[in-house]
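Worksheet: one structure, shown below.
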């Protein structure tokens with residue numbers, strides 16, 4: 001017997017169903033002809049940015065160390081998976097169970113040292129074998145060490161992945177001095193390009209790429225480092241706003257020198 005979709009709060013939270021089953025039933029109800037107008041209007045493309053944003057919200061929750069927030073954000077991310085699966089199911093393409101089955105089978109295939117007779121000495125060996133199995137599964141006929149790196153990644157992450165792949169075949173500096181020199185060189189080239197917007201953009205990209213390389217060589221996660229720097233700036237800027245308000249000052253009526261004085265005061269605190 002097929003259970004009807006929930007119509008009331010009691011139906012939606014029916015204890016006969018597991019939390020995951022409740023979520024799947026609620027999503028199907030929201031997408032039903034008599035469901036929610038907003039949910040019914042969505043498609044894969046319209047929700048694309050939401051998937052990215054929810055993933056970043058999860059990352060922020062991890063950084064905060066707040067378990068309650070992390071639990072909530074993981075739920076929001078799961079909703080995106082369920083939403084896309086429901087839409088695909090309505091079109092007869094695939095459903096949520098297909099997504100789960102796919103990852104279950106992949107995990108078993110790509111962990112032969114756990115579910116088979118192979119051995120893995122360390123995590124590096126695990127990653128190497130994972131990539132080998134992945135290439136075999138996809139019938140890989142790649143001609144470049146960079147094949148398989150999607151262009152949809154955030155820029156910092158993509159740059160780091162490209163550099164790591166190049167480093168695997170030896171295209172990498174073994175020491176830090178030339179890395180620092182490259183950053184200085186790219187900064188100088190930006191100064192030389194001033195007045196030519198297109199060239200400045202090009203050179204600025206080179207500088208950012210060089211800085212990502214430096215962070216990689218220093219074993220620092222560039223994404224995390226930039227997030228922390230942005231958080232630090234945001235905290236101090238809010239402090240400047242608070243100081244100005246306490247003293248009856250209007251920020252956009254102050255000179256940069258006066259703003260810098262407030263900034264330095266906040267920094268000292």
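The values are calculated or read from the model by the stated rules, or taken from the named source; none is laboratory data. This one's a predicted model, so the numbers in the text were calculated from it and none came from an experiment. All Cβ positions, glycine included, derive from the backbone under ideal geometry; neighbour counts span all protein chains shown.
Quick notes
- Odd one out for residue 211 among (1) over 19 Å from residue 158 (Cα atoms); (2) modelled with pLDDT of 90 or more: (1)
- Residue in the range 37-50 that is touching a helix residue (DSSP H, G or I) at 6+ places or on another chain (Cβ under 7 Å), more than 23 Å from residue 74 (Cβ to Cβ), part of a helix (DSSP H, G or I) and assigned by TED's automatic domain parsing to the domain that holds residue 73 present: yes
- Within the range 43-54, if we keep just the residues that are loosely packed, with under 13 Cβ neighbours inside 10 Å and touching a residue at least 24 places away in the same chain (Cβ under 8 Å), the residue that is nearest to residue 29 (Cα to Cα) turns out to be 43.
- Residue check, residue 3 at pLDDT below 95 and either within 24 Å of residue 228 (Cα to Cα) or assigned to a helix (DSSP H, G or I) (or both): no
- Test: residue in the range 117-128 that is part of a helix (DSSP H, G or I), surrounded by 12 or more Cβ atoms within 10 Å (Cβ to Cβ), in contact with a helix residue (DSSP H, G or I) (Cβ under 9 Å, 6 or more places away or on another chain) and not assigned by TED's automatic domain parsing to the domain that holds residue 50: yes
Quick grid of which residues meet (1) touching a strand residue (DSSP E or B) at 6+ places or on another chain (Cβ under 7 Å); (2) in a helix (DSSP H, G or I); (3) without any contact (Cβ under 8 Å) to a residue 40 or more places away in the chain; (4) exposed (fewer than 12 other Cβ atoms within 10 Å of the Cβ):
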position: 24; (1), (2), (3), (4): no, yes, no, no
position: 35; (1), (2), (3), (4): no, no, yes, no
position: 56; (1), (2), (3), (4): no, yes, yes, no
position: 73; (1), (2), (3), (4): no, yes, yes, no
position: 101; (1), (2), (3), (4): no, yes, yes, no
position: 107; (1), (2), (3), (4): no, yes, yes, yes
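Okay, residues lined up against (1) exposed (fewer than 12 other Cβ atoms within 10 Å of the Cβ); (2) more than 30 Å from residue 132 (Cα to Cα):
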position: 172; (1), (2): no, no
position: 191; (1), (2): yes, yes
position: 200; (1), (2): no, yes
position: 245; (1), (2): yes, yes
position: 259; (1), (2): no, yes
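- Among the residues of the range 86-99, the ones that are outside any helix (DSSP H, G or I) and surrounded by 11 or more Cβ atoms within 10 Å (Cβ to Cβ) come to 2 in all.
- Selection count, the range 1-21, where residues are over 18 Å from residue 79 (Cα atoms) and either exposed (fewer than 10 other Cβ atoms within 10 Å of the Cβ) or in contact with a strand residue (DSSP E or B) (Cβ under 6 Å, 6 or more places away or on another chain) (or both): 8
- Within the range 145-163, the set of residues being in contact (Cβ under 8 Å) with a residue 60 or more places away in the chain and within 13 Å of the chain's Cα centre (by Cα) comprises 154, 156, 157.
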